[in-house]
Ligand code: ARG
C-alpha cells in the first residue's frame, strides 16, 4: 500500500490548505479493510453509470468508457496489480482514482449524483446479501448432515438429562433433532434479515438526495434490490440491517456453542458417548494419549467474538445523530469478522456432523445406570389407580433401594419391587426397559424411534421445498 501525502491527490482536497497529518491519514483510512468491498463497489458503480446514461446525465459513450474502465480496474485488483493507497482513504476513492488514471476526465463524471455515503451503504448491503446466500447454503448443508445422523441413530438409546443429571431415556436421533430445530429457526431468521438487507440506499447521495434527474428504480433493478429505500437520511445512516445480521449470527453461534459443549462432554472418557473422526481433532505435544475435540472447542470459543461484534455495532449506533457519521466506518470490521467466523464454523460443522459416530453401548449403559425409567414406573402405578404423588413416593423408595444395592429398577426381582407396592405385577418389566420407555413416548415431538423417523422425513420435505 502506498502512503503518498499530497493535498492535491485527495478527491476532496479543494478547500484544504495543508496536507493531512500523516498519522491522521492512517488513523482515518479504511482501505486496509474495506478493500474487500471492491467487487460490490464496482458493480454498484456500473449500475449507477448505466442509470445516469439512461436518464441522459452521461452520454452512452461516457457510460461505455466508465464501464470498460471499471472492469479493467477490477481485473487489475484480481491480478494483484492494484496499488492500494492510504492517502486515498477507502476502497471507493481508490477505485475511482484508478478509473480516472485509466480513462481520463470521463472517470471524474462517475461520482455525479451520488456520495460515498450512499455508495458505502449500498456496497455493504450488496456484500452482505451475497454472504447471506453463502451462509444459507452452508446452514442447509449442516441441517442435511444432522438429519442423516439423526436417522442413522433413530433407535440408539441414551440418557436424556435435566440439570445434567440422568432424567429419562431418549433416542440419540431425537436429541440431534433438537439441534436441528434450533437451526431451522436460525435459517428463518437469516432469510427474514435478508429482506431488510435487500433495499437500495443509492440515490440518497450525501444525505438529502440529489438535484440530477436520477431514476432509482433502474439502479435497484440492475443491482437486484427489491426496491429503493424511502428516506435519504435514513438510507445513509442506517446500519440496523448489519446489527440484525449480527444478532442472527450471535444466536446461531450460541446454538453451535451449546452443541459444541455437548460434543466436548461426550468425547470425554467420563461420558464416552461419541467418537469424532481424527481429522477433526488434534493431539497434545506432551501427552501422547490425547485426542482433543478442537473443532467444537474453537466453535464454542468463537461465539465470544460474534457476541462481542453484536454489542460493538449496537454501541456504535446508539448515540449517532442523523445522518451519516464517520463512526459508521467502524461497522465493517465487526461485520466482516462475523461473516468469516460464521462461515468457518458452519463449514467445519457441516463437514464434521455426519461423520460423528455414536458409541451406542456406552450410551445405553449410562441410561441404565441412572434410574432413567423411574418415571415410567410411576406412570405404571398411576395407570393402575395409584395417585401420582403416592406413586412418586413409592418409586423414590425403590430408587433408594437400587442406589444402596447398585442395581437399576429393571435389574430388581418382582419380589423386591413388590416390597414398595403390591400393585406391581409381572408386566412391570415391559415398562422398565429402555426400549419400552422410549417407545411409549409415541406422539408428535416425542422421543420414540418411529417419531424420530417421521420427524426426519418431514424435515427433509421442508428442506427440499
Ligand atoms: N470509508 C467510509 C465508510 O466506511 C466511506 C464513507 C465516507 N464518507 C464521508 N463522508 N467521509 O463509512
Exercise for review: Among the residues of segment 398-429, count how many are surrounded by 13 or more Cβ atoms within 10 Å (Cβ to Cβ) and in a helix (DSSP H, G or I).
Suggested key: 11
Revision key, fill the gap. Counting only residues that are surrounded by 14 or more Cβ atoms within 10 Å (Cβ to Cβ) and within 24 Å of residue 158 (Cβ to Cβ), segment 367-391 contains a total of 13
Review point. What single numbered condition from (1) out of contact with any helix residue (DSSP H, G or I) (no Cβ under 9 Å at 6 or more places or on another chain); (2) more than 27 Å from residue 263 (Cβ to Cβ); (3) in a helix (DSSP H, G or I) fails to hold for residue 362?
Key: (2)
Review point. Is there a residue being over 26 Å from the mean Cα position of the chain (by Cα), at negative phi and free of Cβ contacts under 8 Å to residues at least 60 places away in the same chain anywhere in segment 147-157?
Key: no
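Provide a single number: the residues in segment 22-70 that are part of a helix (DSSP H, G or I) and in contact (Cβ under 8 Å) with a residue 24 or more places away in the chain. Steps first, please.
Within segment 22-70, the first condition is being part of a helix (DSSP H, G or I), and the residues that meet it are 22-28, 31-54, 60-70.
When the remaining residues are screened for being in contact (Cβ under 8 Å) with a residue 24 or more places away in the chain, the result is 25-26, 28, 31-52, 54, 62, 65-66, 68-70.
Result for segment 22-70: 32.
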Check your understanding: Do you know which of the residues in segment 445-465 that are under 27 Å from the mean Cα position of the chain (by Cα) and not in a helix (DSSP H, G or I) is surrounded by the fewest Cβ atoms within 10 Å (Cβ to Cβ)?
Key -> 465
Study note, to complete from the structure: Reported set for segment 71-95 where residues are within 13 Å of the ligand (Cβ to nearest atom) and part of a helix (DSSP H, G or I) is 86, 88, 91, 92, 93, 94, 95
Practice item. Note down all Cβ pairs under 8 Å where the first residue falls in segment 177-198 and is outside any helix (DSSP H, G or I), the second is loosely packed, with under 14 Cβ neighbours inside 10 Å and at pLDDT 95 or above, and they're at least six residues apart or on different chains. Key: 198/224; 198/226
Point to revise | Residue that is more than 11 Å from the ligand (Cβ to nearest atom), crowded, with 19+ Cβ neighbours inside 10 Å and in a loop (DSSP other than H, G, I, E, B), where the choices are 114, 98 | key: 114
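For segment 218-327, which fully contained helices (runs of 4 or more DSSP H) count at least 3 residues that are away from the ligand (no atom under 16 Å from the Cβ) and more than 16 Å from residue 125 (Cα to Cα)? Please lay out each step first, then the result.
Details: elements: 232-237, 240-267, 294-317.
Qualifying helices (runs of 4 or more DSSP H): 240-267, 294-317.
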Review point. Which residue pairs have Cβ atoms under 9 Å apart, sit 6 or more places apart or on different chains, and have a first residue in segment 308-328 that is without any contact (Cβ under 8 Å) to a residue 24 or more places away in the chain and more than 20 Å from residue 248 (Cα to Cα) and a second that is assigned to a helix (DSSP H, G or I) and away from the ligand (no atom under 12 Å from the Cβ)?
Key: 327/317
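Examine segment 104-111 for a residue that is within 16 Å of the ligand (Cβ to nearest atom) and outside any loop (DSSP other than H, G, I, E, B), and state whether such a residue exists.
Of the residues in segment 104-111, the ones within 16 Å of the ligand (Cβ to nearest atom) are 110-111.
With the extra rule that they be outside any loop (DSSP other than H, G, I, E, B), the set shrinks to none.
So far as segment 104-111 goes, no, none of its residues is within 16 Å of the ligand (Cβ to nearest atom) and outside any loop (DSSP other than H, G, I, E, B).
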**Study point:** Checklist (1) assigned to a helix (DSSP H, G or I); (2) surrounded by fewer than 18 Cβ atoms within 10 Å (Cβ to Cβ) applied to residue 167, failing item
**Key:** (1)
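The values are calculated or read from the model by the stated rules, or taken from the named source; none is laboratory data. All values reported here derive from a predicted model rather than from experimental measurement. Using ideal geometry, Cβ is built from the backbone for each residue, glycine included, and neighbour counts are taken over all protein chains shown.
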